[in-house]
Amino acid sequence: MNSLPNPVSEDKSQDPRTITVLGATGSIGMNVIDLLERNEAQFDVVALTANRNVEQLAELAIRHKAQLAVVADESMYQELKATLEGTSVEAAAGEDALVEAASRPAEITMAAVVGAAGIRPSLEAIKQGNCLALANKECLVAAGELFTAEIKKHGATLLPVDSEHSAVYQSLDEKAMDKIERVILTASGGPFRCKSLEEIRSATRAEALKHPNWEMGQKITIDSATMMNKGLEVIEAFHLFPVSPEEIEVVVHPESIIHGMVEYQDGAVIAQMGSPDMRTPIAYSLAWPRRMHAPSERLDFAKLGKLTFEAPDETRFPALKVAREALISGGNAPTILNGANEVAVEAFLQDRINLLAIAAICAESIARVQSECGGGTPSTLDDVLYIDGAARRVARKLVTEDSFQC
Ligand code: NAD
Ligand code: MG
């Protein structure tokens, strides 16, 4: 499947471009804000959203003269309203308000919410035919078929923000889309790349949150420590690019300089490189089909000296295998995987389960939910939310089982 726009299309956009940032207060969100500040004349902010951080959201909305600021947690509405009193920024709260924010006309909607919570607003932006810059990979993992169908139906544009997928996208040869043999996603290997299975099992929350190369939100940092992140990215790549699951390869590349590659039938491999700074792929999606300045550190190849690669180890990182199997078996398995993983990561962050339990809980959740609900592909939003809910219920039960404890 391939839901991406033609990379070389006519550039009809004019500055300033209107933009909404869903999840503006997060790690991706703040990198987007940094780029908007550095390129102020090029963007007009429509709406900014956050989960609970009213103070930061209000400050950003005022500074960027947003029309609207939305906090997902309804109990924070009065606080947001009071903070925005006397300004021109409208305040709103709750899940429906988030969807309403995404429905306002904006040339670019940056989907930077973490987890399945971003599905409804991202889908709404697609329904408006907006350009959706997607960092929120869980949308494609949990609802890939639905997103692909809605993008086609509404003529929306989807641009990947995830560094690996942005790299692959930038490495596509428009004239040879049917000549791709492999898409290669690189992985840093995370903080436990050189650790034993036992060390990984007994890893603490603090150790797992120390990523060697990237500064990110907590959920994706834990996903990187288990390598579930790369598993989710394999599923994401499947929905973005015209390749089968077997044609998507993962290679561990600890330096995180090459982000993604495409191999063609003639053996040529095209790669995209850059320092590990999300502002490069974000800038690409914000300026597309042009380019804009981003302050990411420039590569000094002589100083780098060498780049290294190794095969991923699915024994120490079973999450990668569980995710790949979910993709191959298809149907609702990826939706269940995503919901169960969100619950298990949360439980790990609360010191309730060990790190290796995350993959085991995901695999067991897939088996249990499918024996209860069957394995059909969720093709509507209601189907996706139903399966996501079932996965969360099963996973919440599993995190209390003795075998998964710290
Ligand atoms: P984060 O936790 O730093 O930020 C998440 C944002 O979403 C915040 O603004 C938060 O307020 C908002 N949010 C959280 N829960 C919400 C809810 N229930 N309803 C509405 N809003 C909610 O996360 P992040 O690291 O910025 O990651 C965001 C997404 O981008 C994730 O899907 C992640 O996998 C992906 N991504 C992140 C990076 C990175 O470098 N951080 C890189 C590639 C992809
Ligand atoms: Mg990535």
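The values are calculated or read from the model by the stated rules, or taken from the named source; none is laboratory data. The shown structure was predicted, so the numbers you read here are calculated from the model rather than taken from an experiment. Note that each Cβ is placed from the backbone with ideal geometry, even for glycine, and that neighbours are counted across all protein chains shown. For the accessible areas, the whole protein counts, side chains as well, though only heavy atoms, and no ligand, DNA or RNA atoms are used. Shrake-Rupley method; radii C 1.70, N 1.55, O 1.52, S 1.80 Å.
Summary of computed values
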read-out	value
Test: residue 191 is of a type outside the set (S, T, N, Q), assigned to a helix (DSSP H, G or I) and at pLDDT 95 or above	no
Residue 398 vs. criteria surrounded by 21 or more Cβ atoms within 10 Å (Cβ to Cβ) and over 24 Å from the mean Cα position of the chain (by Cα)	yes
Filter pass, residue 246 being outside any loop (DSSP other than H, G, I, E, B), open to solvent by 10 Å² or more (accessible area, probe 1.4 Å) and either at negative phi or touching a residue at least 24 places away in the same chain (Cβ under 8 Å) (or both)	yes
Count of the stretch 213-241 residues which are outside any helix (DSSP H, G or I) and surrounded by 15 or more Cβ atoms within 10 Å (Cβ to Cβ)	6
Residues being touching a Leu at 6+ places or on another chain (Cβ under 8 Å) and aliphatic (A, V, I, L, M) - total across the stretch 350-390	5
Search result, residues across the stretch 182-204 that are within 16 Å of ligand 1 (Cβ to nearest atom) and among the hydrophobic types (A, V, I, L, M, F, W, C)	185, 187
Residue count for the stretch 258-292, restricted to those that are assigned to a loop (DSSP other than H, G, I, E, B) and within 14 Å of ligand 2 (Cβ to nearest atom)	4
First in the stretch 22-40 and touching a residue at least 24 places away in the same chain (Cβ under 8 Å), second anywhere and away from ligand 2 (no atom under 16 Å from the Cβ) and hydroxyl-bearing (Ser, Thr, Tyr), Cβ under 6 Å, 6 or more apart	22/49
Any pair with Cβ under 7 angstrom, 6 or more apart, that starts in the stretch 260-273 at a residue that is open to solvent by less than 40 Å² (accessible area, probe 1.4 Å) and ends at one that is basic (Lys, Arg)	263/182; 264/179
Evaluation of residue 206 against (1) without any contact (Cβ under 8 Å) to a residue 60 or more places away in the chain; (2) open to solvent by less than 40 Å² (accessible area, probe 1.4 Å); (3) more than 13 Å from ligand 2 (Cβ to nearest atom) (one fails), failing number	(2)
Yes/no for residue 199 being open to solvent by 20 Å² or more (accessible area, probe 1.4 Å), away from ligand 2 (no atom under 16 Å from the Cβ) and assigned to a helix (DSSP H, G or I)	yes
Matching residues in the stretch 33-59 - criterion: being assigned to a strand (DSSP E or B) and within 15 Å of residue 291 (Cα to Cα)	43
Complete set of residues in the stretch 1-30 that are open to solvent by 30 Å² or more (accessible area, probe 1.4 Å), modelled with pLDDT of 95 or more and in contact with a Leu (Cβ under 9 Å, 6 or more places away or on another chain)	25, 30
Verdict on residue 221 being within 11 Å of ligand 1 (Cβ to nearest atom) and under 29 Å from residue 404 (Cβ atoms)	yes
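To keep it simple, each residue is scored yes or no on (1) surrounded by 15 or more Cβ atoms within 10 Å (Cβ to Cβ); (2) outside any loop (DSSP other than H, G, I, E, B).
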site	(1), (2)
319	yes, yes
324	yes, yes
340	yes, yes
346	yes, yes
351	no, no
354	yes, no
359	yes, yes
362	yes, yes
365	yes, yes
